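This report concerns only the one structure given below.
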Amino acid sequence: MSQHPVSPPAGHATSSAAMVRTLGVVATVCGILIVSAYQGTLERVTANKRIALERAVFRVIPGAASMREFVASRAGVVPAAEGAGAEGGVRFYAAYDAAGQLKGIAAEAAAMGYADLVRVLYAYDPRRQAITGIGVVSHRETPGIGDKIITDAAFLTNFAALDVRLNADLSALANTVKTVKHGTRRHPWEIDAISGATVTSKAVGRGINDSAQRLLPLLAPNLDKLGRPAGRQEASP
Amino acid sequence: MKAPIELRSSPHVKRGVSVERIMRNVVLALLPICAFAVWQYGLSALALIVTVTATCLATERFFNWMAGRPGTLSDWSAAITGLLLALTLPPAFPLWMGAVAGFAAIALGKALFGGLGQNVFNPALVGRAFVQAAFPVSISTWVPAFAPGRFAEFIPTTFTLPLMAPPDISAWAKGALDGFTGATPLALWKFENQVTPPDAFLSGAATASAGETTAVLILLGGLYLVARRFMDWRIPVAVLGSAALAAWAFQLWDPARYPDPGFVLLSGGLMLGAAFMATDMATSPVTPLGVWIYGALIGVVTVMIRYFGGLTEGVMYAILLGNALVPLIDQYTPPRVFGDVKGTKP
Amino acid sequence: MALPGQQELTHLEEFMEGVWKQNPVFVMVLGMCPTLAVSVSAVNALAMGLATTFVLLGSTLLVSLMRKAVPKEVRIATYIVIIATFVTVVDYLIAAISLELYEALGAFIQLIVVNCIILGRAEAHASKNPPLRAATNALGMGLGFCIGLFALGAVREILGAGKLFGVALFGPDFQPWVVMVLPPGGFFVLGGWLLLFNWLRRRQGGALKPAEGHVHG
Amino acid sequence: MAEASLGQIFLATVLTNNFVLAMFLGLCPFLGVSGKLNTAAPMGAATTFVMLVASLCAYGLNWLVTTFHLEFLRLISYIVVIASAVQLVEMVLKKYSPALFRALGIYLPLITTNCAVLGVALFQTARDYSFLQAVVFAVGGGVGFTLALVLMAGLRERLHLASVPDTVQGTALALMLAGLLSLAFMGFAGLGAGE
């Protein structure tokens, strides 16, 4: 190339004004790019997120047709949009059937497993005071061993009706949810571990216990506030 | 006490005769353990030992040919790797996976670095760690020792087609021996808080890898090598001593939760690892103080992984981590003065 | 890149630079962090490759267009801002296209910012060449990066899951080599590819240097 | 996740999910600077320090962008602020502690564009760490990075003396060693998962 390097010859320090001007131009161009990308994709991204979330929640609460997101804290239960920043707030999802009746509650639980956090979404039925199903949100457990928490039918039956009743003064669970050795489940609040995947099974139990201990006492006095689905979701067939 | 120090001090052993002699004796010390493993587990164990060793030899041959070096099969080192590796595998391990382990052991553990004496990790353990990560289900599938039909039939998983998943044999294993639980003593302790009595380890009835239940034979083999000055006695002593000490301290702290040191020493692969793998000359420290540090580290890390990790057994990883630390240990411990005589403390 | 005093490359040669002679993955060993972390499957690997190519192309074009206006004192700052902009854009685009993919790639999309290929191209090539030439070079580099990532992702997916692009190759009884989708597998597969390239080079005459380059993020 | 205790985070970032060996962060200096033992330790220390600075900056910035609903500026502000903060620290060090500057200073500019540094910032944001958790995460990440770097340097120095085949020399060997180290670190899996 015959052309010289573009940078200005040495010795000629660029004036501050030129630098500021250039940076200003760059910042403007970049700002426009970012904001337009953000605005352009916002709708799709939000829709994608909502669909993914709904799919996950509807899978653990069969028969649900719509859902709303809430935050429970000491101050009570409020829709997520209003209470996002509440101190110690626990996020959960209320699912409704086609007639608008509360079908169940879904919330996320997480605990350290074998390789990383195991995150599950569990369904809670307030009428039966029991957990009625789980779905795995994410995990990095060993394929073939730890991922049995998704595939092992026997393990999943633990969550057909896992007892999470509250104690008399509604301050905590009446019985700690606990993972026990494979084949020794005696109580409805125990989880029968998968043989050979004890660490992961225990993580699921611990995560659910931690989450339920925090969420359910906050939720119990406020169940009536969950009411009916917001109007928008009625559209879904 | 001249021979061991001379030989240990240099990884680049030029005197092929000495290397060959040591290696041959190590194989000799391993053979009774192999024979006992075959007696315990029958045809499948024999097939596994033969396959893994043959793969190691073939891989060694192949890489020598690639590098245009003369064959080094005659130094027995690849055979040792093969035998040791086979002894650390569960007897029901499919043969094709055993072959993968053998290949990984030599290729990743040895050939990569230029062959004998140049490797930085114990090759047998590299192979074991590779298949542990690759086939986590198969490597924790156990079968009972002394099953009545062990010399009449192979374990159903042995002849799994290459690349294919082995069949589930838990029902078969229960049928092969009454009351078989399919869990190793370490898993029983960790997840069910049951301590296996020591006599199960001495008789070989404990559920384990092919060569891990024979504490007596391992000790005898080790003693033989020490007596003939082919092995640095300090390493196994440091490994076992520190593991026992750590176990003892934990037991003092909470006797209900932690088992006694005897259980820690006898269970799993600690004996085999301490005697035959941690002592690998190329991958252990050169300085006398370094040797003690290295051994103690392996013992303590093993106990830590067993007690607090997700895995039931930690010897393999402890030794590999020890291997990784060897250059640092050598760097920061005072080197042996040339011509130093054994017994003078550094 | 055209060194001073060197014959100017044709556009085709400029393009092929990155694809073959200076392949960012196999020859220069650049941008390893995202390469290894997300290459557990061919789809993830390709998505990451395309995202990087997009950022590479966008930022080199912009840098090249502005090359005469940017004072050298603030040039690195400018480049970083430009690159970060395109990464943010691609981050939103991927989230809009597929949330699943977005979650699989995770924070590694945003880590494209510190991928040295991009800053390296901006500094060494785009700041000295007109837009068309810079873009051609960037496309070549991007394609080379995609090929490298794909080679990694394909091996890891085939052995680690018995599949390619999610299609089972060996039937239902295949035993996955779990290690391949774990971190050690990433190192081994990339190391293996480099060994293969070294070996091929050596056989081709050995005049070429081994594939050891500047190792950067 | 708010659930993880500080000890768990530290253990996980140093051993179980080591930044370099399990998350592939900071591979660039890991492969580039791990040839010599005596540069590995100061490099690790400098990186740990920069990670801490980055973590603090990111924590503040994240609060700022979420409060003002400017999430789309998060990445760009992280990289710019972290880079400037490191520059600033470098200048301050040079003026007030020349000795420390000589020890760490030469590495500082290199580190700014290290994936591990931006990684700390991005991962702590993605995982919603509290201030203390973020600090522990950054220090753990740095210690883990240093550990991997020092181990690697020791092994590579030793292999200088070995007759490693020509084909394997260089980056390929470094990657294979990293793979073996990563394999050995898998032994820590599940550590601190608790009962």
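The values are calculated or read from the model by the stated rules, or taken from the named source; none is laboratory data. The model shown is predicted, which means the values in this text are computed figures rather than measured ones. A quick note on method: Cβ atoms are made from the backbone with ideal geometry, for glycine too, and the neighbour counts reach across all protein chains shown.
Annotation: B:ASN122 fulfils all but one of (1) within 17 Å of B:GLU212 (Cβ to Cβ); (2) within 14 Å of chain C (Cβ to nearest Cβ); the unmet one is (2).
Could you please let me know if C:ALA37 is within 10 Å of the chain's Cα centre (by Cα), within 14 Å of chain A (Cβ to nearest Cβ) and among the aliphatic types (A, V, I, L, M)? No, not satisfied. Please go through segment C:184-199 and give me each residue that is facing chain D (nearest Cβ under 7 Å) and in contact (Cβ under 8 Å) with a residue 60 or more places away in the chain, ordered by number. Within segment C:184-199, C:GLY186, C:PHE187, C:LEU190, C:LEU194 qualify.
Of the listed requirements (1) within 13 Å of another protein chain (Cβ to nearest Cβ); (2) crowded, with 19+ Cβ neighbours inside 10 Å, D:MET43 misses just one: (1). One residue stands out among those in segment C:167-191 that are of a type in the set (Gly, Ala, Ser) and at pLDDT 85 or above: the one that is surrounded by the fewest Cβ atoms within 10 Å (Cβ to Cβ), which is C:ALA168.
Against the condition touching a Phe, Trp or Tyr at 6+ places or on another chain (Cβ under 8 Å) and either away from chain C (no Cβ under 14 Å) or not charged (D, E, K, R) (or both), how does B:GLY109 come out, does it pass? It is true that B:GLY109 is touching a Phe, Trp or Tyr at 6+ places or on another chain (Cβ under 8 Å) and either away from chain C (no Cβ under 14 Å) or not charged (D, E, K, R) (or both). Among the residues of this structure, A:VAL45 does not count as one that is at pLDDT 85 or above, under 18 Å from the mean Cα position of the chain (by Cα) and more than 10 Å from every other protein chain (Cβ to nearest Cβ).
Restricted to segment C:149-164, and to residues that are in a helix (DSSP H, G or I) and free of Cβ contacts under 8 Å to residues at least 40 places away in the same chain, which residue is farthest from C:GLU13 (Cα to Cα)?
Taking segment C:149-164 and keeping what is in a helix (DSSP H, G or I), we get C:149-161.
After this cut, where a residue has to be free of Cβ contacts under 8 Å to residues at least 40 places away in the same chain as well, the list is C:155, C:158-159.
Details: C:VAL155: 29, C:ILE158: 33, C:LEU159: 35 Å.
The selected residue is C:LEU159.
Within segment B:207-238, the set of residues being touching a Leu at 6+ places or on another chain (Cβ under 7 Å) and either of a type outside the set (D, E, K, R) or free of Cβ contacts under 8 Å to residues at least 40 places away in the same chain (or both) comprises B:SER209, B:ALA210, B:GLY211, B:ALA215, B:VAL216, B:ILE218, B:GLY221, B:MET231.
Remark: B:ALA210 falls outside the filter, which requires a residue to be part of a helix (DSSP H, G or I) and within 18 Å of the chain's Cα centre (by Cα). Of the candidates D:MET51, D:MET43, the single residue that is of a type in the set (A, V, I, L, M, F, W, C) and modelled with pLDDT of 85 or more is D:MET51.
Determine whether segment D:65-77 contains at least one residue that is closer than 30 Å to C:ARG201 by Cβ, surrounded by fewer than 22 Cβ atoms within 10 Å (Cβ to Cβ) and more than 9 Å from every other protein chain (Cβ to nearest Cβ). No, segment D:65-77 contains no residue that is closer than 30 Å to C:ARG201 by Cβ, surrounded by fewer than 22 Cβ atoms within 10 Å (Cβ to Cβ) and more than 9 Å from every other protein chain (Cβ to nearest Cβ). Residues in segment B:102-125: is at least one in contact with a Lys or Arg (Cβ under 8 Å, 6 or more places away or on another chain), under 24 Å from D:VAL168 (Cβ atoms), part of a helix (DSSP H, G or I) and not aliphatic (A, V, I, L, M)? Checked segment B:102-125: at least one residue is in contact with a Lys or Arg (Cβ under 8 Å, 6 or more places away or on another chain), under 24 Å from D:VAL168 (Cβ atoms), part of a helix (DSSP H, G or I) and not aliphatic (A, V, I, L, M). Among the residues of segment D:162-184, those that are hydrophobic (A, V, I, L, M, F, W, C) and more than 8 Å from chain B (Cβ to nearest Cβ) comprise D:ALA172, D:ALA174, D:LEU175, D:ALA178.
Assessment of segment B:236-253 against the conditions (modelled with pLDDT under 90 and of a type in the set (S, T, N, Q)) yields no matching residue.
Per the conditions (1) modelled with pLDDT under 90; (2) over 30 Å from B:GLU192 (Cα atoms), the sole criterion not satisfied by B:VAL291 is (1).
The residue list A:LEU156, A:LEU102 contains one member that is within 20 Å of A:TRP189 (Cα to Cα) and either hydroxyl-bearing (Ser, Thr, Tyr) or over 13 Å from the mean Cα position of the chain (by Cα) (or both), which is A:LEU156.
For every residue, the table says whether it meets (1) of a type in the set (D, E, K, R); (2) within 30 Å of D:VAL65 (Cα to Cα); (3) without any contact (Cβ under 8 Å) to a residue 40 or more places away in the chain.
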{"site": "D:GLU90", "(1), (2), (3)": "yes, yes, yes"}
{"site": "D:PHE101", "(1), (2), (3)": "no, no, yes"}
{"site": "D:CYS115", "(1), (2), (3)": "no, yes, no"}
{"site": "D:ALA126", "(1), (2), (3)": "no, yes, yes"}
{"site": "D:LEU149", "(1), (2), (3)": "no, no, no"}
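One residue stands out among those in segment C:123-152 that are surrounded by fewer than 20 Cβ atoms within 10 Å (Cβ to Cβ) and over 21 Å from C:GLY49 (Cβ atoms): the one that is farthest from the chain's Cα centre (by Cα), which is C:PRO130. Listed by position, the strands (runs of 3 or more DSSP E) contained in segment A:119-237 that have at least 3 residues being out of contact with any Gly (no Cβ under 9 Å at 6 or more places or on another chain) are A:130-138.
Looking at D:PHE30, is it in a loop (DSSP other than H, G, I, E, B) and facing chain C (nearest Cβ under 9 Å)? So D:PHE30 does not fit the description; no.
If you check A:THR200 against the conditions, is it on the phi < 0 side of the Ramachandran plot and surrounded by 19 or more Cβ atoms within 10 Å (Cβ to Cβ)?
yes
Across segment B:138-161, not a single residue is classified as farther than 21 Å from A:HIS182 by Cα, out of contact with any Cys (no Cβ under 8 Å at 6 or more places or on another chain) and not in a loop (DSSP other than H, G, I, E, B). From the list D:ALA134, D:ALA174, pick out the single residue that is in contact (Cβ under 8 Å) with a residue 12 or more places away in the chain, part of a helix (DSSP H, G or I), crowded, with 24+ Cβ neighbours inside 10 Å and in contact with a Phe, Trp or Tyr (Cβ under 7 Å, 6 or more places away or on another chain). Criteria check complete, one pass: D:ALA134.
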